[in-house]
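The values are calculated or read from the model by the stated rules, or taken from the named source; none is laboratory data. What you see is a predicted model, and the numbers here were worked out from it, not measured in a lab. A quick note on method: Cβ atoms are made from the backbone with ideal geometry, for glycine too, and the neighbour counts reach across all protein chains shown. Accessible surface areas use protein heavy atoms only, side chains included; no ligands, DNA or RNA. Shrake-Rupley method; radii C 1.70, N 1.55, O 1.52, S 1.80 Å.
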Amino acid sequence: GWIGADIPGFAYLLAGATLLAVLGILDDVFGLPAVPKLIVQLLAAVTASGGMSPGEISLWGRVLAEGLRLRALAVVWLVVCVNAHNMIDGLDGLSTGVSTVEAFVLSVLLALQGNGALSGVALALCGCCLGYLPYNRYPARVFMGDTGHFPVLPCGKLHCVRQGDRCPCINRSSLLKM
């Protein structure tokens, strides 16, 4: 089967990433206002977080979020990550450098989780970012734009939150710090 077919909720994640990619293209071409972009980002985040496995986020033995609160937290976190990347994209090399590190860490975490296929995809993304970095560092000739940074890495982070309780080396509370 195709990569991710055996991962619970992967179709939701892919649908959310697709919404973000379409939003990015439309914003790059037409320059959309902030409120419609935020609405679509929220819709994409709700879609991407659909099918999340029930679980909890705990810190020092105290449950911080579970069930619907966990999903709401994931939605807010995804929208914040998307917009954080948008804010740093205008600074030469920063968004690409951050994306490179995030993709590499995601690849390592997925490999430790035993998900070699998605780890390879994240590592390929890391390589793409490294190949793009010379064109994005000072003085930058090109920027990622909304199409480049909207769909990819925040959805990867959401995947880690969804799978965090299955990874022997991490837990969901440590993933929120990423």
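Of all residues in the range 10-55, which are closer than 16 Å to VAL76 by Cα and modelled with pLDDT under 75?
Passing the criteria: only MET52.
Applying the selection to the range 89-114, what residues are free of Cβ contacts under 8 Å to residues at least 60 places away in the same chain, open to solvent by 40 Å² or more (accessible area, probe 1.4 Å), not aromatic (Phe, Trp, Tyr) and not in a loop (DSSP other than H, G, I, E, B)?
Once the filter is applied, which keeps residues that are free of Cβ contacts under 8 Å to residues at least 60 places away in the same chain, open to solvent by 40 Å² or more (accessible area, probe 1.4 Å), not aromatic (Phe, Trp, Tyr) and not in a loop (DSSP other than H, G, I, E, B), the range 89-114 yields LEU94, VAL98, VAL101, VAL108, ALA111, LEU112.
Going through the range 73-129 one residue at a time, which ones are β-branched (Val, Ile, Thr) and farther than 24 Å from LEU19 by Cβ?
THR100, VAL101, VAL105, VAL108 - these are the residues of the range 73-129 that are β-branched (Val, Ile, Thr) and farther than 24 Å from LEU19 by Cβ.
Regarding LEU64, is this residue at pLDDT below 80, touching a strand residue (DSSP E or B) at 6+ places or on another chain (Cβ under 7 Å), within 24 Å of GLN41 (Cβ to Cβ) and not charged (D, E, K, R)?
Yes.
Suppose we keep only residues that are within 15 Å of the chain's Cα centre (by Cα) and either modelled with pLDDT under 85 or acidic (Asp, Glu) (or both) within the range 115-124. Which one would you say is surrounded by the most Cβ atoms within 10 Å (Cβ to Cβ)?
Residue satisfying both the conditions and the ranking: ALA122.
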